[in-house]
Amino acid sequence: MLFLPSIHAMGKPEREFFPVEQVDWRPAQGGLVAGLYERILATDAASGVATRMLRFDPGIDTSAAGPQMHEFWEEVYIVQGSLHDLTLDQTFLQGTYACRPPGMRHGPWLAPEGCITFEVRYTA
């Protein structure tokens, strides 16, 4: 049985546990980087911040998108695979976590074997 989320006046929708496979993968960043997909689990329409999963196909290089910087907080957990930050020349493995304040530059990334992250974004 599928339950539709209830939307609060502000913030992300209320959702009890559900299989994330019910949410389709779609191209991230409007398809700017081929092989980069997102699964939006919850979003706040007013602020645009979201909770999502991000999938990097094996061999992806996000250099076309350049380094990223946001006006919101972003917490990222690597669920599967690894990411290599080209700016830092450092590889981050499955089971590692990042907490990025607004304005922190990160990436671009290489994901030789692919990667899936879980991300929570919110305003300050």
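The values are calculated or read from the model by the stated rules, or taken from the named source; none is laboratory data. Please read these numbers as outputs of a predicted model, since none were measured by experiment. A quick note on method: Cβ atoms are made from the backbone with ideal geometry, for glycine too, and the neighbour counts reach across all protein chains shown. These accessible areas exclude ligands, DNA and RNA; they are computed on the full protein's heavy atoms, side chains included. Shrake-Rupley method; radii C 1.70, N 1.55, O 1.52, S 1.80 Å.
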Problem - Å² of accessible area per residue within the chain, as computed with a 1.4 Å probe and no ligands counted - result: 61 Å²
Exercise for the section: Would you mind giving the three semi-axes, in whole Å and largest first, of the ellipsoid equivalent to the chain according to its Cα gyration tensor? Expected result: 25, 17, 13
Completion exercise
In nm², the average projected area of the convex hull spanned by the Cα atoms of the stretch 7-52 is 3.7 nm²
Practice task
Assign unit charges at the C-beta atoms only (+1 for Lys and Arg, -1 for Asp and Glu), then state the dipole size of the stretch 30-124 relative to its Cα centre in Debye, rounded to the nearest 20.
Solution key: 140 debye
Problem - Nonlocal amide H pairs with Leu86, under 5 Å, H built at 1.01 Å - result: Trp109, Leu110
Handout entry: Carbon/sulfur fraction of accessible area - the stretch 21-113, other protein chains in place, 1.4 Å, %
Key = 54 percent
Exercise for the section: Quick one: pull the percentage of alpha-carbon pairs in the stretch 54-114 with a separation above 14 Å. Expected result: 56 percent
